[in-house]
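The block underneath contains the structure these notes are about, expressed in structure tokens.
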Amino acid sequence: WRAARPHRALLGGSCLLFPPIALAELAQPWLLKVAIDDHILRADWRGLTGVAALYVGVLALLYGLRTLEAYLLHLTG
């Protein structure tokens, strides 16, 4: 652990990103379920558009979080 001590802030930051990344990954199948059950089966295209936009937003958020995590781990060495 002595070798990791100088990098504890970077490692801590990387570890803090794990829960939001996991939530963003779990949101994807849930949004797909909502899209099918609540909007496609009822032909609610306006609602489906909103869920699709939210899905794209979650994908963008996940990309940003994973990029930040990879950057922090790269700085850690």
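Worth pointing out:
- Selection over the range 23-77 of residues that are of a type in the set (Phe, Trp, Tyr) and either closer than 30 Å to Arg5 by Cβ or under 11 Å from the mean Cα position of the chain (by Cα) (or both) gives a count of 3.
- Applying the condition of being closer than 21 Å to Gly77 by Cβ, among the basic types (Lys, Arg) and in a helix (DSSP H, G or I) to the range 1-55 and asking which residue is modelled with the highest pLDDT yields Arg8.
- If you go through the range 11-42 and keep only what is under 17 Å from Ala53 (Cβ atoms) and either in contact (Cβ under 8 Å) with a residue 60 or more places away in the chain or in contact with a Leu (Cβ under 8 Å, 6 or more places away or on another chain) (or both), you end up with Ala24, Gln28, Leu31, Ala35, His39, Ile40.
- Residue in the range 29-43 that is of a type in the set (Gly, Ala, Ser), surrounded by 14 or more Cβ atoms within 10 Å (Cβ to Cβ) and out of contact with any strand residue (DSSP E or B) (no Cβ under 6 Å at 6 or more places or on another chain) present: yes
- Criterion applied to Arg66, Arg2, Arg8 was being surrounded by fewer than 15 Cβ atoms within 10 Å (Cβ to Cβ), of a type in the set (D, E, K, R) and in contact (Cβ under 8 Å) with a residue 40 or more places away in the chain, and the one residue passing it is Arg66.
The values are calculated or read from the model by the stated rules, or taken from the named source; none is laboratory data. As the structure is a prediction and not an experimental result, all values here were calculated from the model. Every residue, glycine as well, gets a Cβ built from its backbone with ideal geometry; the counts of neighbours run over all protein chains shown.
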